[in-house]
Amino acid sequence: MMPPNYTNIIVDLHTYQCFDGWLAQQPGPVHIDVACNAAYAKVDNHLHSTFTGEWSLAYESPYATVEPYPSTEEKKLFLRSYGMAQRSSFEQAGRSLGWFFWNFKSESAIVWDYLGGVAGGWLPCSLPTVDDRIVCSNYSDTSLVPSLYSCN
């Protein structure tokens, strides 16, 4: 479906790292690297406009029971960075029209639950955020990532 024969086309992307067996075994910084670079390229290299219709913070396994509620500050800050990296890719790519998080509320899967992420402080309570791009500028420097979000 190449232009100019086909116009007004939007490609719906679903970018889940947890379903890639190799990637699911990688440490957190690899996931942020993929979100900053590979996800951006995937969105930006389409001939047509794109919309990321599904994404989540799951990265170790697609199964909620394997990724329990993050119990450490380090894990929560990683989820914040990972979310920032994904949003930055979906919002900054030239042909991107935006994104939807997978689920507003989940019964048991916190990394698939936007409201749970807001309550936990790793997802923002208001959008857009101006700080999303900093995580992709130097994702190995965790001091660039501010503290958890506070929605008081």
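The values are calculated or read from the model by the stated rules, or taken from the named source; none is laboratory data. Quick caveat, the model's predicted, so the values are computed rather than measured. Backbone-built Cβ (ideal geometry, glycine too); neighbour counts: all protein chains shown.
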The one condition residue 123 fails out of (1) modelled with pLDDT of 90 or more; (2) part of a helix (DSSP H, G or I); (3) closer than 27 Å to residue 11 by Cα is (2)
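Of these, 52, 15, which one is buried (at least 19 other Cβ atoms within 10 Å of the Cβ), polar (S, T, N, Q) and at pLDDT 85 or above? Please lay out each step first, then the result.
Working: 15 fails: at pLDDT 85 or above.
The match here is 52.
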Log entry, pairs with first residue in the range 110-123 being free of Cβ contacts under 8 Å to residues at least 12 places away in the same chain and buried (at least 19 other Cβ atoms within 10 Å of the Cβ), second being of a type in the set (Gly, Ala, Ser) and outside any helix (DSSP H, G or I), beta carbons closer than 6 Å, six or more apart or on different chains, reads 113/106
Of the conditions (1) modelled with pLDDT under 85; (2) outside any loop (DSSP other than H, G, I, E, B); (3) not aromatic (Phe, Trp, Tyr), the single one that residue 83 does not satisfy is (1)
Just one listed residue, out of 42, 76, is outside any strand (DSSP E or B), surrounded by fewer than 21 Cβ atoms within 10 Å (Cβ to Cβ), at pLDDT below 90 and basic (Lys, Arg), and it is 42
Margin query: Take the conditions over 14 Å from the mean Cα position of the chain (by Cα), at pLDDT below 85 and not in a strand (DSSP E or B) and apply them to residue 64. Does it pass?
Written below: yes
